[in-house]
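The values are calculated or read from the model by the stated rules, or taken from the named source; none is laboratory data. Not measured: the values here are computed from a predicted model. Glycine gets a Cβ as well: all are built from the backbone with ideal geometry, and neighbour counts include every protein chain shown. SASA here: full protein model, heavy atoms, side chains in, ligands and nucleic acids out. Shrake-Rupley method; radii C 1.70, N 1.55, O 1.52, S 1.80 Å.
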Amino acid sequence: MTTKPRIALTFGDPAGIGPELVARQVADPESSRHAEIVLVGDETELTDAMADAGVEFDWSRDHGDGRPTLVDNGGERPAGGFARREATEAGGRWAMASLRRALELSKEGAVDTIVFAPLNKSSLHLAGMTENDEMSWFETVLDDGTRATELNVLPDLITARVTSHCSIAEVADLITYDLVVERGLLLQQVLRARGIEHPRIGVCALNPHAGEGGRFGRHEIEIIEPAVAELARRGVAATGPYPSDTIFLRARDGAFDGVLTMYHDQGQIAVKLLGFDRGVTLAGGLSVGVCTPAHGTAFDLVGTRSANLGAYQHAFELAVAIGATRDPAVFHVT
Ligand SMILES: NC(=O)C1=CN([C@@H]2O[C@H](COP(=O)(O)OP(=O)(O)OC[C@H]3O[C@@H](n4cnc5c(N)ncnc54)[C@H](O)[C@@H]3O)[C@@H](O)[C@H]2O)C=CC1
Ligand SMILES: NCC(=O)COP(=O)(O)O
């Protein structure tokens, strides 16, 4: 009997670089040495992905013979194939079919973790996804009461967000004391699961110069400072709020294990500058660990074989590490 974690891999949006990245990763024999790989899609997608990547590997439909296994996603393939380099309803529907099947496999206990190659949110919305992003859609599909939040993972730093995929105009109203405390606790838990017993968490301000004593906004005084104090009362080594234009310089120099950001680009600009080829997004808080590279579908690189595999490779490795614990609940807020 294998003791390797079982990892479901989906190819992401068929229009993007996802299929190529998956094929390149799976073609590396090291991948199957560390995990039992379950590819979710169909045979055409798999052979097209290998052609995109210029690689070939052996695969099987039988579990447990050591080769990557292919599981059909039950999706609908358009007669003429999928468009490339553009968001389409068909592509979104296909990507969702694969993810739905992967989530089912996790519910059935057939896989331990999931890695999805880049999705395109426009395709998902064209395909009828009503949630803002796939993280919220995972909650709907899993339907087990668990709630997702994006965590952005670099080898030496993890960020969590108080708000995520929303208009910048909504950010200020969405930041609440409760949410700052909840996300701070989640970040501590994830850092502990990564082996840091007393993680140091820096909390970002929202406004320029952390509000300049209330002159440029009062979120720091009324919401973020009290929430940081509450986190400290609960035993979290959280400090801040710090001006967000310099907090990541301190993080880069080792002052923090984690940074709690107030909105998407506040963290992602820094994380991508610090390590574009290593950045992983983890859906924390769900009953299954779900990882993906921090970059997207990169339509401009499709067919060029020039996409960097690093971030996908790190997503795969993180999924293996989480899968090996057989306990995705390490990422729950308790
Ligand atoms: N993992 C996922 O599912 C993610 C999906 N997205 C989605 O991807 C779509 C496109 O988003 P964009 O903002 O255009 O970001 P993008 O990451 O697809 O592209 C931005 C720039 O980064 C470059 N790039 C991306 N991946 C690369 C790689 N592996 N190697 C070298 N260069 C790379 C692209 O060529 C482009 O110049 C959106 O629908 C977005 O929501 C965005 C981030 C993560
Ligand atoms: N599809 C995952 C995803 O979008 C994560 O990237 P980000 O948009 O949160 O940066």
ask   = Debye sum, Cα scatterers, the chain, no solvent: what log₁₀ I/I(0) at q = 0.13, 0.14 1/Å?
value = -0.94, -1.07
task = On the full set of protein chains, 1.4 Å probe, figure out the accessible area of Lys121 and give it in Å² to the nearest 10.
result = 70
query = Which is the longest stretch in the chain that no exposed loop site breaks, taking sites as GluC sites (Glu not before Pro) with a DSSP loop state and at most 14 other Cβ atoms within 10 Å?
reply = 198-334
query = If you plug each phi of the stretch 20-29 into the Karplus form 6.51 cos²θ - 1.76 cosθ + 1.60 with θ = phi - 60°, what whole-Hz ³J(HN,Hα) values come out, in order, with x for Gly and Pro?
reply = 4, 5, 4, 4, 5, 5, 6, 5, 6, x
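Length gain on complete extension for the stretch Asn308 to Glu212, per 0.36 nm per residue less the alpha carbon to alpha carbon distance?
Working: separation 96, 0.36 × 96 = 34.56 nm, distance 4.07 nm.
Here the answer is 30.5 nm.
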request  = For the chain, set up a Gaussian network in which alpha carbons nearer than 10 Å are linked by springs, and say which option among Thr239, Thr292, Thr261 fluctuates the most.
outcome  = Thr239
request  = Starting from the amide H of Leu39, placed 1.01 Å from N in the peptide plane, find each other amide H under 5 Å away whose residue is 5 or more places distant or on another chain.
outcome  = Leu9, Thr69, Leu70, Val71
ask   = Which angle between 0 and 90 degrees, to the nearest 10, do you get for helix 264-275 versus the longest principal axis of the chain when only C-alpha atoms count?
value = 70
inquiry  = For a quick check: with amide H placed at 1.01 Å from N, whose amide H comes under 5 Å from Tyr242's, ignoring anything fewer than 5 positions away on the same chain?
reply    = Val203, Cys204, Ala205
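Which percent of the accessible area of the chain is formed by carbon and sulfur heavy atoms (probe 1.4 angstrom)? The partial results should precede the final answer.
Values: 6950 of 14130 Å².
Summing carbon and sulfur atoms, their accessible area is 49 percent of the total for the chain.
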Lysines with Cα under 27 Å of Lys4, excluding same-chain neighbours fewer than 8 positions away = Lys107
message = Taking the alpha-carbon distance from Lys272 and a cut-off under 27 Å, which lysines remain once sequence neighbours fewer than 8 residues away in the same chain are dropped?
response = Lys121
ask   = Relative contact order of the chain: what whole-number percent is it, with Cα pairs under 8 angstrom and at least 6 residues apart?
value = 22
inquiry  = With Kirkwood's inverse mean 1/r over C-alpha pairs for Rh, give me the Rg to Rh ratio of the stretch 24-125, two decimals please.
reply    = 0.95
query = Once a ≥ b ≥ c are taken as the square roots of the eigenvalues of the Cα gyration tensor of the stretch 120-214, is the result rounded (a/c under 1.5), prolate (a/b larger than b/c) or oblate (a/b not larger than b/c)?
reply = oblate
task = Answer rounded, prolate or oblate for the stretch 184-242, using the Cα gyration tensor with square roots of eigenvalues a ≥ b ≥ c: rounded when a/c is under 1.5, else prolate when a/b is larger than b/c, else oblate.
result = prolate
remark   = For the stretch 156-277, the Cα-Cα pair-distance distribution in 10 Å bins from 0, as whole percents, is 14, 49, 32, 4, 0
